[in-house]
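Novice: Shown below is the structure under consideration.
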Amino acid sequence: MKLDLKLYRGYVNDEELIVFGHLFQSWAPDKYSIEKKGLKHAYAILHKFRIKPLENYKINLKFRDLEVTTKTLEDGYFRFTIPYHEELEPGWHNYEVTCKFGQFGIVERGELLKPYPSKLGIISDIDDTFLISHSNNFFKKLYVMLSKNVNTRKVFDDVVRHYQELSQAGQESSKATNSFFYVSSSEWNLYDFIAEFAVLHDLPKAVIKLKKIKTGLRDFVATGRGNHDHKFIKIKDILSFYPHLEYVLLGDDSQHDPFLYERIIKTFPKNIRVVYIRQTGQKKKEKVVSVLRNMESMGTATCYFKKSDEAIQHSKEIGII
């Protein structure tokens, strides 16, 4: 029997620890290369969606002196949400997850984040916010996904500089950074692509939170589409987990980010410092202009920008970088 584990970056505060991942009977999606070219790349991307999750299997977590067992959900997903009060240095820490089935066993190691002391947290969308994806053109988006590997996909000009400056804002040490979270309607199948893309372009290391995993080629065609309520839930979870921070929210106008962020501000009226929305078309959208104006009436600064140097200038003007 084939057995494979995929772990994601977890996070911890002074009271609780959260770690999550998937268990598969097939290879995990990250076993298929994101660096191949041409048809081999398309083949690898499609295979990331031909996976077989395992339901109700025991998963064991070990982190320092902590050992806990849970079981996978119906889509192979598991999540440990555990009380944790031990002293922990800020930064990234390793954890270990094991799974056994009869004679088979597997061990994987992941990372979790204890944030550095700061006043600012950054939550960013991915597609068409920093990764050029053409989300408002269904066929072009699929074409780009299948034809361009991780080395040939592009970021927007100056977006890396903006994110790096936000990462260092208010920190006196180059080692200490503000916490970043990438939250997207892409599925967990594409986690390794997003993580590696961020590394290649020197984007800040982040906790990545994605949409429920897909298990077939029919699902692949609908990747990134459908209901976006999961993004609201994931962002709400982050703000609730680190309620002492003010947040920068970054998104784009190709889908639902402005309206989602308005809901977040209405729910957390004291936590959102500024909202950045990238303009993806030739003109600003009137509905987006209107919803941003409403955010400003609630005390949140906004910036609707075409190029990232405009966003950088705005961040300087309001004093966050």
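Novice: Of everything in the range 110-145, what is buried (at least 19 other Cβ atoms within 10 Å of the Cβ), closer than 22 Å to Val155 by Cα and not small (Gly, Ala, Ser)? Give them in sequence order.
Specialist: Ile122, Ile123, Asp125, Ile126, Asp127, Asp128, Thr129, Phe130, Leu131, Lys141, Met145
Novice: Is there any pair with a first residue in the range 224-247 that is modelled with pLDDT under 90 and a second that is surrounded by 17 or more Cβ atoms within 10 Å (Cβ to Cβ) and part of a helix (DSSP H, G or I) whose Cβ atoms are under 8 Å apart and which are 6 or more apart or on different chains, and what are they?
Specialist: Gly224/Lys141; His228/Leu260
Novice: Among the residues that make up the range 92-110, is at least one of them among the acidic types (Asp, Glu) and without any contact (Cβ under 8 Å) to a residue 12 or more places away in the chain?
Specialist: No, that holds for no residue.
Novice: For the range 160-187, give me the residue count where each residue is closer than 26 Å to Ile233 by Cα, of a type in the set (A, V, I, L, M) and assigned to a helix (DSSP H, G or I).
Specialist: 1
Novice: Restricting the search to the range 254-280, which residues are among the charged types (D, E, K, R) and within 18 Å of the chain's Cα centre (by Cα)?
Specialist: Within the range 254-280, Asp257, Arg278 meet the criteria.
Novice: Can you tell me which residue is nearest to Ser308 (Cα to Cα) among those in the range 74-109 that are assigned to a strand (DSSP E or B) and open to solvent by less than 10 Å² (accessible area, probe 1.4 Å)?
Specialist: Gly91
Novice: Also, I was wondering about something else. Hey, any hits in the range 174-182 for a residue that's farther than 20 Å from Asp257 by Cβ and either without any contact (Cβ under 8 Å) to a residue 24 or more places away in the chain or open to solvent by 60 Å² or more (accessible area, probe 1.4 Å) (or both)?
Specialist: Among the residues of the range 174-182, at least one is farther than 20 Å from Asp257 by Cβ and either without any contact (Cβ under 8 Å) to a residue 24 or more places away in the chain or open to solvent by 60 Å² or more (accessible area, probe 1.4 Å) (or both), which makes the answer yes.
Novice: Of the numbered conditions (1) of a type outside the set (S, T, N, Q); (2) in contact with a strand residue (DSSP E or B) (Cβ under 8 Å, 6 or more places away or on another chain); (3) buried (at least 17 other Cβ atoms within 10 Å of the Cβ); (4) farther than 20 Å from Asp75 by Cβ, Lys211 satisfies every one except a single condition; which is it?
Specialist: (4)
Novice: Which of the residues that make up the range 165-183 are closer than 22 Å to Tyr8 by Cα and modelled with pLDDT of 95 or more?
Specialist: Matches in the range 165-183: Ser167, Thr177, Asn178, Ser179, Phe180, Phe181, Tyr182, Val183.
The values are calculated or read from the model by the stated rules, or taken from the named source; none is laboratory data. No experiment lies behind these values; they were computed from the predicted model shown. Neighbour counts are summed over all protein chains in view; Cβ atoms, including those assigned to glycine, are modelled from backbone coordinates with ideal geometry. Keep in mind that these areas ignore ligands, DNA and RNA; they rest on the heavy atoms of the full protein, side chains included. Shrake-Rupley method; radii C 1.70, N 1.55, O 1.52, S 1.80 Å.
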